[in-house]
Amino acid sequence: MSAMSAMSAIVPLSLFLVSVSPIAAELEPEDGCLLQKTNERQLLTKEEQGPVPGYTLLCGPRCRCAFPETLKEGPTNAVECAAACPTSSATSWLGFTFDPTGPECRCCNNLDIVSPVNKNFYLYAFTGEVVGDPHITTLDGKHYTLLSQGTFSLWHFSGLETELHSEEVGTKKLPIDWQVYVHYSGHQSFTKGLLLIDKSGGSIRQVLEITSQDCRWKARKGNGDWRVVDNAELISIPDGKDYVTGFDLGTVGPRGHGGHGFPNRVRFNMNTKNGKSDIAVMSLSCRPSHNMNLQISMNRQSDQQFVDGELKVARKSLSTLQTSTDFEFSVDSKWQKLGGSEQAASYFQLVDTNQTSVASFQSQGCSDAEKGLAAEACSKHLGEAHGTHFFEDCIYDVCHGAGETQAELAAELLAVTKAD
């Protein structure tokens, strides 16, 4: 960032893919207050909503750090904000946002509302990513490289109930159970497949699958037949006449390398007493015969307590480690037994390596010349993400044989996450 506006300096965290990135969320009026902890004082409402009781007004200059996500009191300019955030600096502008004008937003215990300068400043989502080799970022920002191949539980959401209302049965509650499995293959453990299973209510409702063999979604409902889904579509089985949950496929942003497009966003949606609500949003980039990158964003921090899997928060084993085997999330069951297709299972057999020791997944170092060439390729596609984990991971992958395609895929994922 070379220049700061005299009125406002908002660093686009979504570009950096840190643990807090602005994503437009659909919050019901009750959600904002229920999810706000008084000691965190987060701004989680939209300007379009009516007055909501139980909020506190935040105003004046605000400084928010990204690692860890905290709101700092005191800084009166961007330089002081950078100094207050441990992973930021006045020269890199990494990992914080500062708003000198302090746009007022409605928060707990205040009914006043003034349209903010930038709604993305106070509307945050919590994100986890799987990129490249793979480099994994948990929902609370822990970043590491995986040294394993196989099938893993990436994101398992359960413990929350959906509420249905109908004239026939009145009020009915069903437990939510969404599971995302991921398959990593080869010496560099690139992401080769995803399996999304909805078992809300106790049985399989709908399933989505995608692999890097062709980057095409396949879906089935219940135990029905697989079919290809190339366009936006809500995949859902109702409970009688009532909507329960769904995987809402859509396409946003650029169509990808060569103009080929596929649904690159999945909304994990559930019914509530206030209507439909997105719990999480998955964004993807994918290249046939190569690999895929993904990000999962959760709009409400308190929902993280219902998450298990590689992206879960508070993984103590990652506090000092930069690599992991994620043994505790490894899945022994065959892909087909989990609910996946025979076609995907056969593809994984072709791309998996026969080497299974941890040492076999540890890459050799790159020379300075090789790193320089990799940095040029990553700069070409990632631009302003220079200096972030995302950029450094790109250099690592390109330098270790992934080629410029990985830089393109990283840029495509960034574009999807920034798209409305």
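For the reader, a short list of remarks on this structure follows.
- Sorted peptide list for 333-340, 142-149, criterion being average Cβ within 10 angstrom, highest first: 142-149, 333-340
- Extending 7 Å from the Cα toward the beta-carbon at both Glu404 and Lys173 defines two label points whose distance is 5.6 nm.
- Among the listed pairs Lys192/Lys418; Lys199/Lys337; Lys172/Lys199, none has a Cα-Cα distance over 26 Å.
- Computed E for Leu373/Ala83 - FRET, C-beta separation, R0 45 angstrom, nearest 0.05: 0.85
- Volume per residue that the Cα convex hull of the range 146-226 spans, once the total is divided by residue count, Å³: 110 Å³
- Taken per residue, the accessible surface of the range 147-251 reaches 39 Å², heavy atoms only and a 1.4 Å probe.
- Using θ = phi - 60° and Karplus 6.51 cos²θ - 1.76 cosθ + 1.60, couplings along the range 147-152 (whole Hz; Gly, Pro as x): 10, 8, 10, x, 9, 9
- Cleavage-rule hits (chymotrypsin sites (Phe, Trp or Tyr not before Pro)) in the range 203-286: DSSP loop, at most 15 neighbouring Cβ within 10 angstrom: Trp226
- Modelled this way, with points 7 Å down the Cα-to-C-beta line, the labels at Glu342 and His187 are 3.3 nm from one another.
- Ranked by how many other beta carbons lie within 10 Å on average, peptides 367-376, 299-308 from highest: 299-308, 367-376
- Multiplying the residue separation of Gln322 and Asn231 by 0.36 nm and subtracting their alpha-carbon distance yields 28.9 nm.
- Distances between placed amide hydrogens fall under 5 Å for Asp214 paired with Ser289, all partners being 5 or more residues away or on another chain.
- A simple spin-label model places the labels of Ser333 and Lys241 3.5 nm from each other, with each point 7 Å out along Cα-to-Cβ.
- As a calculated quantity, the FRET efficiency between Asp308 and Glu163 at R0 = 22 Å, using C-beta atoms, amounts to about 0.45.
The values are calculated or read from the model by the stated rules, or taken from the named source; none is laboratory data. What you see is a predicted model; the values in this text were computed from it and never measured. For neighbour counting, all protein chains shown are included, and Cβ atoms are generated from backbone atoms with ideal geometry for every residue, glycine included. Heads up: the accessible areas ignore ligands, DNA and RNA and are worked out on the full protein's heavy atoms, side chains in. Shrake-Rupley method; radii C 1.70, N 1.55, O 1.52, S 1.80 Å.
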